[in-house]
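Engineer: Starting off with a structure, shown below.
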There are 2 protein chains.
Amino acid sequence: MHSVRFTTETSSNGVLERDFTVGDIPGVLWSPASGSEQAPLVLMGHGGGQHKKTPALMARAHDAATTWGFTVVAIDAPGHGDRPRTAEDEQARADLRQAMAAGDTEHVESITARYGAAVAQRAVPEWQATLDALQHLPEIGTEAPIGYGGGITLGTGIGIPLTAIEPRITAAIFGGGFVVHEALIEAARRITVPVQFLLPWDDEHVDRQSALALFDAFASTEKTLHANPGDHRNIRWVGIDNEFMARHLGRVSTSPA
Amino acid sequence: MHSVRFTTETSSNGVLERDFTVGDIPGVLWSPASGSEQAPLVLMGHGGGQHKKTPALMARAHDAATTWGFTVVAIDAPGHGDRPRTAEDEQARADLRQAMAAGDTEHVESITARYGAAVAQRAVPEWQATLDALQHLPEIGTEAPIGYGGGITLGTGIGIPLTAIEPRITAAIFGGGFVVHEALIEAARRITVPVQFLLPWDDEHVDRQSALALFDAFASTEKTLHANPGDHRNIRWVGIDNEFMARHLGRVSTSPA
């Protein structure tokens, strides 16, 4: 088993940011600069073509650390960010560029679905290895509650199969913007932990009905769908339940909001 | 124009409750016992077959008065509560009982849709007359922001056509549990104020797709759908945006939650 190797460490606005590797997986850990003993741990996934330190992801991580005292971890998905690209990664990216340039929406969707599923298959064991290693850090340990903090698109494509097989995850935020394939529906049917599902209502790249079918598939007795106008690139989330993760990871009263 | 005639007045748990009539419309006004000068006014609709003082409605009204300092008003819909029933009301109730006893779901739905639309047509001008009269009370006046606080089923069947033609309403909460007819979709298309829409995800009496089509129809740039498992008689609302009305009626910061 690989352990966590910290590389660089910086601090800003009350948040400690530590880059690390677990084997050849590059990751980053954000935590309150004031200390984070056994703080809940939130796994954050990035979108397709993105990486672990996009401005949006960092803003969410900082907010989670400063508002709730969470420790947040993100890793680059296979073929993304600082990771080397395999021939399959390069081929998928080239195909995607070509289909986009040709305005061939159906082809874009089929490539995204197929490639996303392949990336997810590689990413799930990497998240598990990262979790194993992080739990050996004294400031995290095995007692800290763990949530999957989502990210729409690829972050959901990876998060759903991960949450389906990973009993350490006890609450999850997923979202739309991802082409739903049958394996994803099957994985959703195995999920029983509380789920928050964020659906961009007007996503031109993703069939709304398939996203609703995905929400329908979760076996969780507690699941909430939030939909707002906009597509996944251009959406202002309003009125969503910002306490969802804190409530389920034990940082606020557990009475219903 | 009819004015507000107060009949009885009681006070409990910090909330003043005043029964009133406007012409032959019986209503009730809840307000903070500590005073409510120009407080925002929230109109609450009751469900089909219910009345203005169901325990659930009273609980929501007390919460709105004590948490946000709102004044809340509810009136009995035509043929409901303390209102006399016309031959049409009696016939619809008899038909409904018969269809329910026979387990004829389709007939239940068609009666509910037809009768609900007829009740709404009578209820909308009654709400407007009630508003006219309430705005002559010095403690309400014409400056208080007004929201429609919903109630699912009949409360939404009435609230949507009311909000569509009533410019004094500047934010609205609606919900599922109502058989959606074409006139309701048409009315929703004319609504542009912020809307919160509560959808029981597993309502056996109402087609889910028609409720989603209703949400889709609102012309509002700000609209949020919240769905939770359960049907409209048996649902635990979790993670919904409890500050929605307060945000839009000016009682909390207007920054997105």
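Engineer: What GluC sites (Glu not before Pro) in the stretch B:1-51 are in a loop by DSSP, with at most 15 other Cβ atoms within 10 Å of the Cβ?
Structural biologist: Sparse-neighbourhood loop GluC sites (Glu not before Pro): B:37.
Engineer: Tell me the net charge near residue A:104. Cut-off is 13 Å between Cβ atoms, residue A:104 excluded, with +1 for each Lys or Arg and -1 for each Asp or Glu.
Structural biologist: Around residue A:104, the surrounding residues sum to -2.
Engineer: Now for a different question. Which residues' amide hydrogens lie under 5 Å from the amide hydrogen of residue B:223, considering only partners 5 or more residues apart or on another chain, with H built in the peptide plane?
Structural biologist: B:195
Engineer: Please report, for residue A:210, the nm distances (one decimal) from its label point, 7 Å out from Cα along the beta-carbon direction, to the equivalent points in the remaining copies, shortest first.
Structural biologist: Label-point separations across copies, in nm and ascending: 2.9.
Engineer: Quick check on the protein assembly as shown: of the DSSP beta bridges with both residues there, what percent are antiparallel, nearest 5%?
Structural biologist: Here the share of antiparallel DSSP bridges comes out near 55 percent.
Engineer: Using a simple spin-label model with points 7 Å from Cα along the Cα→Cβ vector, what separation in nm is obtained for residue A:93 and residue A:143?
Structural biologist: About 4.4 nm, to one decimal.
Engineer: While we're looking at this one, here's another question. Name the residues whose placed amide hydrogens come within less than 5 Å of the amide hydrogen of residue B:3, ignoring near sequence neighbours (fewer than 5 apart) on the same chain.
Structural biologist: B:23
Engineer: Please find the FRET efficiency linking residue A:109 to residue B:1, where r is the Cβ-Cβ separation and R0 is fixed at 51 Å, and quote it to the nearest 0.05. Walk me through the intermediate numbers first.
Structural biologist: Details: r = 59 Å, r/R0 = 1.15.
Plugging the Cβ-Cβ distance into 1/(1 + (r/R0)^6) gives 0.30.
Engineer: How much length is gained if the chain between residue A:233 and residue A:102 is pulled fully straight, taking 0.36 nm per residue apart and subtracting their Cα-Cα distance, in nm to one decimal?
Structural biologist: 45.1 nm
Engineer: Check the straight Cα-Cα distances from residue B:223 and name the lysines below 21 Å, setting aside those fewer than 8 residues away within the same chain.
Structural biologist: A:223
Engineer: Rounded, prolate or oblate: pick one for chain A, where a ≥ b ≥ c are the square roots of the eigenvalues of its C-alpha gyration tensor, a/c under 1.5 means rounded, and failing that, prolate if a/b is larger than b/c, else oblate. Can you show the working numbers first?
Structural biologist: Details: a/c = 1.66, a/b = 1.24, b/c = 1.34.
Cα axes put chain A in the oblate bin.
Engineer: Can you grab the distance from the C-alpha centre of the stretch B:53-70 to the C-alpha centre of the stretch A:123-143, Å, no decimals?
Structural biologist: When both Cα centres are located, 46 Å separates them.
Engineer: For the stretch B:4-248, with the dipole built from +1 on Lys and Arg beta-carbon atoms and -1 on Asp and Glu ones, taken about the Cα centre, which of B:47, B:213, B:14 lies farthest toward the positive end?
Structural biologist: B:14
Engineer: Count charges around residue B:237 for me, please; just the other residues with Cβ under 12 Å from its Cβ, Lys/Arg as +1, Asp/Glu as -1. Walk me through the numbers before you get to the answer.
Structural biologist: On the way: positive: B:60, B:236; negative: A:222, A:241, B:241.
Charge balance in the 12 Å sphere: -1.
Engineer: Shape of the protein assembly as shown from its Cα gyration tensor (a ≥ b ≥ c, root eigenvalues): rounded if a/c is under 1.5, otherwise prolate when a/b > b/c, or oblate?
Structural biologist: The shape class here is prolate.
Each reported figure results from applying straightforward, stated rules to the coordinates on display, with no laboratory input. Note that the structure is predicted; figures quoted are calculated from it, not measured. Virtual Cβ from ideal backbone geometry, glycine too; neighbours counted across all protein chains shown.
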